[in-house]
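For reference, the structure is listed below as structure tokens.
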Amino acid sequence: MAASTTEQPAATEGVKNLKSFRKSKDLEDFYRFINENGLRREAHHAIEFITNRLAKPKKSKRGRKAKTLQ
């Protein structure tokens with residue numbers, strides 16, 4: 001019996017960094033699908049939703065507390 005190993009799918013192996021991801025065939029096909037089916041508005045809303053969920057919350061700026069005189 002062979003030991004089972006977890007392997008990454010082949011799709012993630014092809015994309016090494018952001019630059020190659022932007023030029024990937026899968027992304028080009030995705031954009032073509034959106035254009036051919038008139039889904040630009042829906043795709044924009046979906047990407048906006050995803051980026052808002054992934055965005056790190058901004059740190060609030062906290063100044064020094066004012067010293068109180070007694």
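Values in this text are rule-based calculations from the coordinates and carry no lab data. Since this is a predicted model, take the numbers as computed values, not measurements. Don't worry about glycine lacking a Cβ; one is built from the backbone with ideal geometry, like all the others, and counts go over all protein chains shown.
Observations, loosely collected:
- Taking θ as phi - 60° and the Karplus parameters 6.51, -1.76 and 1.60, the scalar couplings of region 21-33 work out to 5, 5, 9, 6, 5, 4, 5, 4, 5, 5, 4, 5, 4 Hz in sequence order, x denoting glycine and proline.
- For region 34-50, the Karplus equation 6.51 cos²θ - 1.76 cosθ + 1.60, evaluated at θ = phi - 60°, returns couplings of 4, 5, 5, 9, x, 10, 4, 5, 5, 5, 4, 5, 5, 5, 4, 4, 5 Hz by residue, with Gly and Pro reported as x.
- Spin-label model, E28/R40: points 7 Å from Cα along the beta carbon direction are separated by 2.1 nm.
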